[in-house]
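The values are calculated or read from the model by the stated rules, or taken from the named source; none is laboratory data. The structure presented is a predicted model; accordingly, all values stated were derived computationally and were not measured. Cβ atoms come from the backbone with ideal geometry, glycine included; neighbour counts cover every protein chain shown. Each accessible area value is taken on the protein alone, full model and side chains, heavy atoms only, with ligands, DNA and RNA left out. Shrake-Rupley method; radii C 1.70, N 1.55, O 1.52, S 1.80 Å.
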Amino acid sequence: MTPLLTVEEHRARVLAAVSALPAETVVLSDASGRTLAEPVRAAHDLPGFDNSSMDGFAVRLADVEGADAGTPASLRVVADLPAGSSADPSFGPGEAVRIMTGAPIPAAADAVVPFEDTAGGLEDSLGVVEVLHAPAAAGAFIRRRGGDTRAGDVVLAAGERLGAWALSAAAAAGVAELVVRRRPRVAVVSTGSELVAPGTVPGRGQTPDSNSTLLAALIADADAEVTVIASLRDEAGAIHALLEQAHDADVVVFTGGVSAGAYEPVRQALSDRISFDKIAMQPGKPQAFGVLDDGRLVFGLPGNPVSVAVSFEVLVRPALLALQGRTVIDRRLARLTASESWTTPPGRRQYLPAAIDLVEGTVRPATAGGSGSHLAASLARAEAFAIVPAEVSTVSVGDPLDVMLIP
Ligand code: AMP
Ligand code: MG
């Protein structure tokens, strides 16, 4: 019997076949979920000028030093600076300028006194202001030009995913167009003559096709585009026809039909074009992967729904992210402690659907049914995969485990 490939060996083969898709330029509003192909550099200093962090008064520190409730400092308010004003009013000793948050600090000022530290507050603030509490030091309540980032500094690195925080950073740094990778186009193909569409009452021998729905959602979550969804009967001819139909996909993901049964259409149709292997993982032992002559990546995942979910995380999602040039292609891991015991198949790394408590730092099987790879409905109770090393056959309460967090 040929030895099983380790997960790492198989993954390395998959990732070696992946190179990043071409870059394209998109506007901010089209960039959500994309991956940067080039770093984003600030177009200007941010903030662009020294400005006030409070509503109050721009002052000369020397005029208010030592002021307190018993000995307030009185200043004449000679100008008013709303946010958006570009004015730089001059003012002399004993004078102040009313200023709102975000307005530019006048050159003559070296501190801001917030309304809260004055007698009158906002009321009557355009006449004379009584300062009841001196600013701690020069620069008080002043946000400095370039304090967030400087013109030309890298704000976002190539390979970063553009989520809301990253997109807003680009916007703040004055960058409206971003160079990103094209989204991978993915065809999702379920195989199985037993499959019926969700919502159809399955007759004897039939089962709902849940893998198509599972994969379509996972692929969208991985920021790729599902261009074809098909459910095929177990006929090799249907596989060939589908591959023609999905000619402009970057990736084709089959489920089912890759193992050792009599009716394995993916294996029958593609055994001379991609490789079929046994991997030391549970679930997900039979795996097919290869690159077609035209460059399309083809995954043949086993049919059981939990096997599909695991295979996607371990193999397909990293490949989809690598196609996008993503720097981080793996889910986050947490080190948690088992709060229940369970047994695992020896010689294969287990990915067990798990429930976690991140406050307690614990992990346990998501279902009492154990690791059954057919438990499609129970999968909804999982929020992570507990990863049990191949050489471990029993997980005991208190054992530390790496756990793959699925957001
Ligand atoms: P296979 O790998 O084709 O032998 O399928 C293994 C098991 O997974 C069988 O019980 C199938 O009925 C089931 N299965 C295969 N494809 C799907 C699918 N698209 N949705 C739900 N279950 C499936
Ligand atoms: Mg099948």
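So here's what we get for this one:
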read-out	value
Alpha carbon centroid spacing (whole Å) that separates the stretch 337-407 from the stretch 223-246	33
Cβ-placed point charges (K, R +1; D, E -1), dipole of the chain about Cα centre in debye, nearest 20	1600
Per residue, the convex hull volume that the Cα atoms of the chain enclose (Å³)	200
Gaussian network model of the chain, Cα within-10 Å springs - most flexible of Pro89, Pro353, Pro305	Pro89
Accessible area per residue in Å² at 1.4 Å probe, computed on the chain	46
Among Val306, Val314, Val27: highest mean-square fluctuation, GNM of the chain, C-alpha pairs under 10 Å	Val27
Zone of Phe49's modelled label, taken as backbone nitrogen in the stretch 90-110 under 16 Å from a point 7 Å along Cα→Cβ	90-91, 97-110
GNM result for the chain, Cα springs below 10 Å: residue of Arg34, Arg60, Arg267 fluctuating most strongly	Arg60
Length gained when the stretch Met100-Val328 is fully extended (0.36 nm per residue, less Cα-Cα span)	77.9 nm
Amide H contacts under 5 Å for Glu95, placed H, 5+ residues apart	Arg76
Surface share of carbon and sulfur [accessible, 1.4 angstrom probe, percent] for the chain	52
Viscosity 1.002 mPa s, temperature 20 °C, Stokes-Einstein D of the stretch 333-405 from Kirkwood C-alpha radius, µm²/s	179
Value of Rg to Rh for the stretch 51-143 (Rh from inverse mean 1/r over Cα pairs, i.e. Kirkwood)	0.91
Separation of the Ala377 and Glu38 label points, Cα + 7 Å toward Cβ, nm	5.3
Charge context of Thr2, other residues only, Cβ under 12 angstrom, K/R +1, D/E -1	0
Share antiparallel - DSSP beta bridges, the chain, percent rounded to 5	65
